[in-house]
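Q: First, the structure itself, so that you have it in front of you.
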Amino acid sequence: MENKEVALIVGSGSGLSASLARKFSSNGLSVMLAARNVDKLEDLTSETGATTFQCDTADSGQVQKLFENCTSTLGAPKIVVFNASARVRGPITDIDPDEAQNAILTTAYGGFLVGREAAKVMVEKGSGSIFFTGASAGVKGFPNSSVFAVGKFGLRGLAQSMARELHPKNIHVMHIVVDGGIKNVATGRVEGGEDQPDKWLDPDAIADTYWHLHSQHRSSWSWEIEVRPWVEKF
């Protein structure tokens, strides 16, 4: 039987990760979904044929086991997507330091751990794509969002450094700035009113962008791209 290419999505849920799983699966890839709570992924795994693995991205041992399991059961991942993040909202004077630490570990340190393991696999294979899902907060810090800004700024710096290090080794590293809210496809709710149906990003459209980036010819690789609603003010 012909071996399929493998996509590993870390920090999986019902939003963008679900659209990515469908996109990769429909293009013939085997998919593994990693999350702290894999029970929530039951419907998605049935739909896409994906496998799941429970993982805390801030735990280096668990991340290492994730990649070992993916390689042994499906094969070495050709695409790795890091979607995990956490935020703590509120005035900086009121934020609990322990909650802030946990959020930053999930978003930035988790990205480092996943990126490190992905790079180890792909350097050996000589190719691959590593995606880091960013946010508006990674390029502009908002009031009462200091912790999220720290995590996402760190993730962007990680992606930029890895791109410069790994592009010459034929490994495509990308940072996708999701500059806006993502529509809740599961509920069908369009927030902002019917007069602004495109105010929120469609996760399937974002997934199309990820696939385009994976398919780019290496003579014109992008390392960063921003996706945002056309109706949003800059």
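Each row is one residue, and each column tells you yes or no for (1) out of contact with any strand residue (DSSP E or B) (no Cβ under 8 Å at 6 or more places or on another chain); (2) modelled with pLDDT of 90 or more; (3) among the small types (Gly, Ala, Ser).
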| residue | (1), (2), (3) |
| --- | --- |
| 155 | no, yes, no |
| 171 | no, yes, no |
| 184 | yes, no, no |
| 198 | yes, no, no |
| 201 | no, yes, no |
| 207 | yes, yes, yes |
| 225 | no, yes, no |
| 228 | no, yes, no |
| 232 | yes, no, no |
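Q: Could you please let me know if residue 152 is of a type in the set (D, E, K, R), assigned to a helix (DSSP H, G or I) and under 26 Å from residue 181 (Cα atoms)?
A: Taking the combined requirement at face value, the residue satisfies it.
Q: Working only within the stretch 155-187, note down all residues that are in a strand (DSSP E or B), under 25 Å from residue 199 (Cα atoms) and in contact with a Gly (Cβ under 9 Å, 6 or more places away or on another chain).
A: 175, 176, 177, 178, 182, 184
Q: Still on this model: Is at least one residue of the stretch 21-30 closer than 22 Å to residue 134 by Cβ, under 12 Å from the mean Cα position of the chain (by Cα) and either in a helix (DSSP H, G or I) or at pLDDT below 95 (or both)?
A: Yes, the conditions are met somewhere in the stretch 21-30.
Q: Based on what the data block shows, is residue 33 under 25 Å from residue 208 (Cβ atoms), in a helix (DSSP H, G or I) and in contact with a helix residue (DSSP H, G or I) (Cβ under 6 Å, 6 or more places away or on another chain)?
A: So residue 33 fails the test.
Q: Step by step: first the residues of the stretch 36-47, then only those that are under 18 Å from the mean Cα position of the chain (by Cα) and of a type in the set (S, T, N, Q), then the one that is farthest from residue 66 (Cα to Cα). Which residue is that?
A: Filtering the stretch 36-47 for residues that are under 18 Å from the mean Cα position of the chain (by Cα) and of a type in the set (S, T, N, Q), the one farthest from residue 66 (Cα to Cα) comes out as 45.
Q: Filtering the stretch 117-140 down to residues that are β-branched (Val, Ile, Thr) and in a helix (DSSP H, G or I), which residue is nearest to residue 207 (Cα to Cα)?
A: 121
Q: Quickly run through the stretch 53-105 and pick out the residues that are of a type in the set (Asp, Glu) and part of a loop (DSSP other than H, G, I, E, B).
A: Going through the stretch 53-105, the residues of a type in the set (Asp, Glu) turn out to be 56, 59, 68, 94, 96, 98-99.
Residues satisfying the conditions are 56, 59, 94, 96.
Q: I'm trying to understand the selection: among the residues of the stretch 1-48, which are among the hydrophobic types (A, V, I, L, M, F, W, C), within 15 Å of residue 74 (Cβ to Cβ) and touching a Ser or Thr at 6+ places or on another chain (Cβ under 9 Å)?
A: Within the stretch 1-48, 6, 7, 9, 10, 21, 24, 31, 32, 33, 34 meet the criteria.
Q: Can you report the number of residues in the stretch 59-75 which are buried (at least 18 other Cβ atoms within 10 Å of the Cβ) and under 13 Å from residue 117 (Cα atoms)?
A: Number of matching residues: 4.
Q: Looking at this structure, is residue 165 over 25 Å from residue 209 (Cα atoms), surrounded by fewer than 21 Cβ atoms within 10 Å (Cβ to Cβ) and more than 15 Å from the chain's Cα centre (by Cα)?
A: Spelling it out, it is not the case that residue 165 is over 25 Å from residue 209 (Cα atoms), surrounded by fewer than 21 Cβ atoms within 10 Å (Cβ to Cβ) and more than 15 Å from the chain's Cα centre (by Cα).
Q: Let me confirm something: among 159, 137, 119, 163, which residue is among the aliphatic types (A, V, I, L, M) and more than 26 Å from residue 217 (Cβ to Cβ)?
A: So the residue among 159, 137, 119, 163 that is among the aliphatic types (A, V, I, L, M) and more than 26 Å from residue 217 (Cβ to Cβ) is 137.
The values are calculated or read from the model by the stated rules, or taken from the named source; none is laboratory data. Because the structure is predicted, anything quoted here is derived from the model rather than measured. Note: ideal-geometry Cβ built from the backbone for every residue, glycine included; neighbour counts use all protein chains shown.
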